[in-house]
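Quick notes on the structure that follows.
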Amino acid sequence: MKVVKFGGTSVGSVNSILSVKKIVESVQEPVIVVVSALGGITDKLINTSKTAASGNSEYEKDFAEIVCRHAEIVKEVIPADAGQQELQVQVSELLNELKDIFQGIYLIKDISPKTLDTIVSYGERLSSILVAKLIKGAKWFDSRKFIKTEKKYSKHILDTELTNELIKETFKELPQVSVLGGFISSDKVTGDVTNLGRGGSDYTASVIAAALNASILEIWTDVDGFMTADPKVISSAYTIDELTYVEAMELCNFGAKVVYPPTIYPVCHKNIPILIKNTFNPEGNGTMIVQKPKSEGKAIKGISSINDTSLITVQGLGMVGVIGVNYRIFRSLAKGGISVFLVSQASSENSTSIGVRNADADLACELLNDEFSKEIEMGEISEISAEKDLATVAIVGENMKHTPGIAGKLFGTLGRNGINVIACAQGASETNISFVVDLNSLRKSLNVIHDSFFLSEYQVLNLFICGTGTVGGSLIEQIRTQRQKLMEENGLKLNVVGIADNLKAIFHRPGLDLNNYQETLKNEGLDNSPELLRNEIIGMNIFNSVFVDCTASPDIAALYKDLLSHNVSVVAANKIAASSEYDNYRELKQTARRRGVKYLFETNVGAGLPIINTINDLMNSGDKILKIEAVLSGTLNYIFNKISADIPFSRTIKMAQEERYSEPDPRIDLSGKDVIRKLVILAREAGYRLEQSDVEKNLFVPDSFFEGSLDEFWGRISGLDADFEARRQVLEKENKHWRFVAKLENGKASVGLQEVGPTHPFYNLEGSNNIILLTTERYKEYPMMIQGYGAGASVTAAGVFADIMSIANV
């Protein structure tokens, strides 16, 4: 035989009750059906009682709603020729009894716990006779006759031994279908109506299953089973196929409200499996809870949380070495009826932290301050107060046992995402690691753990992209076209949660549609500013977040420090920050390292060429950079490759702008400023302290051309054509080429136009390509050479994309 329990939502509507009928009547073996009150009725009964006790006649309206609800259900689910009238009489009798009780409460304006227990029992008594009438051949049983309790510490506790005897006697001969109400019971001495507490219907079913050695206990509810996390917080959470009894108990105790926690022990003791199923999705597999699952599965099975936590810390040097302090703490709280769900104690014994519900915090502090009043007066223990509005998170899984690195990975992941752990606890059983965080960090904590421990189908990076021009636009398109492939082949989901251009910005936590982001930005975007970007990104507080800067804005670069300090990684095509004052550059690098996030700027030099990464690899492996020689401006290399008898100098500058190799204002390139920035960045990455002002400049355009407006520049630049052509002809006769070379040697840096002959590595550099020669202690005789496209939106975007991917692969 099997025991099947249906919760309030399962019997809360006409359709759901008819589903219950279908499910039960499909069972071939004898079945005992345990039902809760109709969904919401228990709360309604309690609230109506309070209204009546306050002397408010409005209780009559509340009671009328209860009557109407049951009358409608009876009318809709029981056909007229199938005992509808007989059931209506039974229901009316019970409701009349209930009406008289409410009337009495209203008149005396008081309600005792005993009376309230009687009132709430009517919910299950009404629903159970209804279900018994609905299911073909079902026999109704009164739970009060065999579920017996005794009073201990002002609470009604199940008398297990007597209850088991009465259950066995009651069900000595099993009908095909037995129906009874869960939750309700009676006192073994007085016979007064009692109950097993909220969620007690699960417990009733478990006790009966254990007493009768059922083959299985099925609990039908409104969810598909235990989820890896709260699906309201984590959209990628999924149903767990199998759990052990211990895992299920741990998840229940920490907020997973799928099963009432005491339910698990009776059936666990008899090794009876529990199957959690969804009444509204009976085809779903559900979650099976057993002693030993068929498959080992992941180390962590699920994450649960309590978003109603206060942390109380008892601390003081007077606690060290003193026996009985913890005994006094828990004795005081127990007397006050306060439940403690987390305990964390320092090995030095000078502090003990306990987690309680927010509603219990003030009373707990009062009790403990009273208990330790003498020690507090003498200064041995500090005055006890509560830190409120916190959240407790637990990761659960029996496979964590003897698996090294779980705790390290957990706290490392939290730290990299800027989540501060206030207290933590882990038992020797190693099935649960619990920790306390600020309530505002709960969503982020759950998401990052779910993602990090591969409970999610995909690892997620949440991207904020600033700049939608040539580079930013190309990057967004590359992400759009590659996203599906990365999800399928790499298990990586790039979620673009924010996009900004120079005028507008849009933010959407679930992710933006990249197919029409430009239209969304235009129509729905907020007026953009650096302050808006900072506040929105930090305020979203989203896990695994990366800020991608595809602008050339100093105002945007100024945001990096704040973002890194809030554990947002930064990927920059913008070279302003990395080439700014050395102290600022160093602080950004140190902040990223300290916060466990990334500050990457590979595309600052050489677009998509792996120059910075190569220097880092050489340095990290113990090599030393002795000399750097490079052509780092794709724009200038393009200009000096294009200049000819037919194409004057001024025209090559215009062509570079039209081909989008140069900055919108090409004077930035011609001034050598861009190359100086790049050389400074390479020198710093190679271990040299260098400022832009330290770089010697040998420029080829007079300083006067950099003054005035851009229009004035275009009007005057052709005046240099004749001089450049004369010099070019001499160069051609000598079979040489112009190259704008950046050089670092012996700590000294310079940039300038050089003439190179056919034997020089830079001679055949084509188009807008870049080239770099690295002379190191290992590569001294034959320098390492890196060469390729050094400009262009698509290759730069690809380099930015590669930096993003490197963060995902950490």
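Things worth noting here:
- Excluding same-chain neighbours fewer than eight residues apart, the lysines reachable from residue 485 by a Cα-Cα span under 18 Å are 493.
- The solvent-accessible area of residue 694, taken with every protein chain present and a 1.4 Å probe, is close to 80 Å².
- In the context of the full set of protein chains, the chain has a per residue accessible area of 45 Å² (1.4 Å probe).
- Centroid-to-centroid, using Cα positions, the range 353-422 and the range 287-352 are 8 Å apart.
- The chain, accessible surface, carbon-and-sulfur percent (1.4 angstrom probe): 48
- Placing 153, 661, 560 in order of accessible area, with the largest value first and a 1.4 Å probe, yields 153, 661, 560.
- Euclidean distance of C-alpha centroids, the range 92-168 and the range 640-688, integer Å: 86
- Span-like helix ranges in the chain, DSSP H, alpha carbon extent 27 angstrom or more, Kyte mean at least 0.0: 84-108, 113-134
- Set 2/136; 151/270; 99/257; 22/277; 270/294; 444/561 screened for pairs whose C-alpha atoms are more than 24 Å apart: 151/270; 99/257
- In summary, the aspartates and glutamates within cross-link reach of residue 654, defined as a Cα separation below 17 angstrom excluding same-chain residues under 8 places away, comprise 646, 663, 665, 669, 711, 712, 721, 725.
- Within the same chain, aspartates and glutamates fewer than 8 places from residue 114 are excluded, and of the rest, those with a Cα less than 12 Å from its Cα are 187, 192.
- Between the range 756-800 and the range 504-538, the C-alpha centres lie 38 angstrom from each other.
- Note: relative contact order over the chain, using C-alpha pairs below 8 Å and six or more positions apart, is 8 percent.
- Take residue 173: with every protein chain present and a 1.4 Å probe, its accessible area is about 150 Å².
- Above-threshold pairs, the threshold being 20 Å between Cα atoms, out of 5/133; 575/642; 589/678: 575/642
- Selected from 758, 637, 573, residue furthest toward positive end of dipole (the chain; charges at beta carbon): 758
- Take each peptide in 300-309, 105-114, 632-641, count the other Cβ atoms within 10 Å of every residue, and average; sorted highest first, the result is 632-641, 300-309, 105-114.
- Members of 301/335; 155/298; 673/780 lying beyond 32 Å, as alpha-carbon distances in this model show: 301/335; 155/298
- Check: the range 730-787 dipole with +1 on Lys, Arg Cβ and -1 on Asp, Glu Cβ, in debye: 140
The values are calculated or read from the model by the stated rules, or taken from the named source; none is laboratory data. These numbers come from a predicted model, not from an experiment. Glycine also receives a Cβ, built like all others from the backbone with ideal geometry; neighbour counts cover every protein chain displayed. For the accessible areas, the whole protein counts, side chains as well, though only heavy atoms, and no ligand, DNA or RNA atoms are used. Shrake-Rupley method; radii C 1.70, N 1.55, O 1.52, S 1.80 Å.
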